[in-house]
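Visitor: Below you'll find the structure I mean.
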Amino acid sequence: MSSSFIAKPRDIPLEVLKTEALNRRLPAHHRKKKEVDQKAKNLRAGYNGEKALDFMLGFLQNKPLRVLHNLRIHDANGFFQIDTLILSLQFLLINDAKNISGTVIYDEFGQAIRTSKTGEEENLGNHIEQVNLQYFRLLRWLRQHHFPANPIEKLVIHSNPNTIIKNITNNKAVSNTVIHKEQLLTKLDEFTNTHKKPAFTKEQLEHLTVMLINAHTPKDVEILEKFGVEPEDILCGVFCPECHALPMHRIKAKWICHQCRATSKNAHIPALKDYSLLFGSRISNRQARALLRVGSQHIVKRLLQNEHFKCVGSTTNRYYLLCFSEESLEIRR
């Protein structure tokens, strides 16, 4: 099979980046700060949980498989998402990653309950029914697109090595479906031994791979609207890359932190990335001056031109297009 083993790479979702940008730019006392902060942590943990599967998947590179990460497909009921879908000639495998710390107890219904050190219980939802719904919607999508009948397997994969899983009622659905990530290769061997007869030709598998990739629609959100945050609530200024103080000051062609005295030539780039995540790619000189807290129109013009951002419009309504790749938008602090 000629195509790449990883047919659809794992891109960090824009919702993660936008929520983290909003969290960085909200004052500590803001009424939505706690909610945004928790959501940002949850989204990042979910993404890290999905990434944790990559080590195990690396052992499958020599097998005739296709791996598609972060699929989001439209159907009659809206959109359904699959963390990782593995395609083989014999079967498809839905992988739903969970990054949960502590002890997770599954009851007779497949409901997941986390217990804290103090004994408090937290309902994490029904993982079995969640992955069953993904199965049903994928099966329906395949039928609608006239693909041949084929087995679809499904797994709920706990990616945190410290998670303790308890199946207190010996629910077979749980024991057959819920695993630690280290068991993935063993389960794949089991499925391969169960489904020995090819369900696809190589051409059909390649066609399905392309169809799924083309059907993928990335999730985007108007992040300020989602949390009910007003534009004027957003903190302006350039963060210090060393101590994270706000704002740095632009003095003699460099940024200077008055807290730790660190200097930087390009500390304004993360601020522009935050702006593009929160407000979109168009920014005027006036908006950039307010964002960077720089009074000089000429200094800001030079900063924007130095990054080779495309300039659009006449003098009175000129704006720049902040073009960043999704990969480069991730800001590590």
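FYI, it's all coordinate maths here, none of it is from the lab. Quantities reported herein were computed from a predicted structural model and do not represent experimental measurements. Because the Cβ atoms are built from the backbone with ideal geometry, glycine has one as well, and the counts that use them run over all protein chains shown.
Visitor: Taking 0.36 nm per intervening residue step and subtracting the Cα-Cα distance, what contour gain separates LEU133 from GLN38 on full extension?
Guide: Computed gain between LEU133 and GLN38 is 31.6 nm.
Visitor: Give, as a single signed number, the net charge of other residues whose beta carbon lies under 14 Å from the beta carbon of LEU321, with Lys and Arg counted +1 and Asp and Glu -1.
Guide: The answer is +3.
Visitor: Further question: Identify which of VAL178, VAL210, VAL131 has the largest mean-square fluctuation in a Gaussian network model of the chain, with springs joining Cα atoms closer than 10 Å.
Guide: VAL210
Visitor: Which percent, to the nearest 5, of DSSP beta bridges fully inside the chain are antiparallel?
Guide: Restricted to the chain, the bridges split so that about 65 percent are antiparallel.
Visitor: Still on this structure, I have one more. Roughly how many Å is it from the Cα centre of the range 219-274 to that of the range 294-322, as a whole number?
Guide: What the calculation gives is 18 Å, centre to centre.
Visitor: Return the unpartnered cysteines for the chain, using a Cβ-Cβ cut-off of under 4.7 Å.
Guide: Isolated Cys, the chain: CYS236, CYS311, CYS323.
Visitor: GNM, the chain, Cα, under 10 Å: largest mean-square fluctuation among LYS117, LYS166, LYS273?
Guide: So, out of LYS117, LYS166, LYS273, the one fluctuating most is LYS117.
Visitor: Output the peptides 59-69, 190-200 sorted from most to least packed, where packing is the average of other Cβ atoms within 10 Å over each peptide's residues.
Guide: Sorting 59-69, 190-200 by mean packing, highest first, produces 59-69, 190-200.
Visitor: Check every DSSP H run in the chain and write down those whose alpha carbon atoms cover 18 angstrom or more along the long axis and whose mean Kyte-Doolittle hydropathy is -0.5 or greater.
Guide: Helix filter hits for the chain: 202-215.
Visitor: Continuing with this model, one more query. Could you give the size of the charge dipole of the range 6-215 about its Cα centre, using +1 on the Cβ of each K and R and -1 on the Cβ of each D and E, expressed in debye and rounded to the nearest 20?
Guide: The calculation lands at about 540 debye.
Visitor: Give the relative contact order (percent, whole number) for the range 6-215; include only Cα pairs under 8 Å separated by 6+ residues.
Guide: 22
Visitor: Report the calculated FRET efficiency for ILE113 and ASN77 (r = Cβ-Cβ distance, R0 = 45 Å), to the nearest 0.05.
Guide: 0.95
Visitor: Anyone know which of ALA288, ALA97, ALA253 comes out most mobile in the 10 Å Cα GNM of the chain?
Guide: Residue with maximal mean-square fluctuation among ALA288, ALA97, ALA253: ALA253.
Visitor: If you take semi-axes √(5λ) of the Cα gyration tensor in Å from the coordinates, which of [x] 46, 22, 18; [y] 44, 25, 17; [z] 63, 25, 15 do you get?
Guide: It is the one labelled [y].
Visitor: Classify the range 111-250 as rounded, prolate or oblate from the Cα gyration tensor: take a ≥ b ≥ c as the square roots of its eigenvalues, call it rounded if a/c is under 1.5, otherwise prolate when a/b beats b/c and oblate if not.
Guide: oblate
Visitor: Could you point to the residue in VAL238, ALA262, HIS298 farthest towards the positive end of the range 236-321's charge dipole, with +1 and -1 charges on the Cβ of Lys/Arg and Asp/Glu respectively?
Guide: Most positive-ward Cα: HIS298.
Visitor: Within the set LYS34/LYS166; LYS18/LYS154; LYS252/LYS273; LYS18/LYS63, which residue pairs have Cα atoms separated by over 25 Å?
Guide: Pairs exceeding the cut-off: LYS34/LYS166; LYS18/LYS154; LYS18/LYS63.
Visitor: If you don't mind, there's one more thing I want to ask. Just the C-alpha atoms of the range 236-321: what Rg/Rh do they give, with Rh taken as the Kirkwood radius?
Guide: When Rh is taken as the Kirkwood radius, the ratio is 0.97.
Visitor: For the range 53-202, what is the percent of antiparallel DSSP beta bridges, rounded to the nearest 5?
Guide: 60
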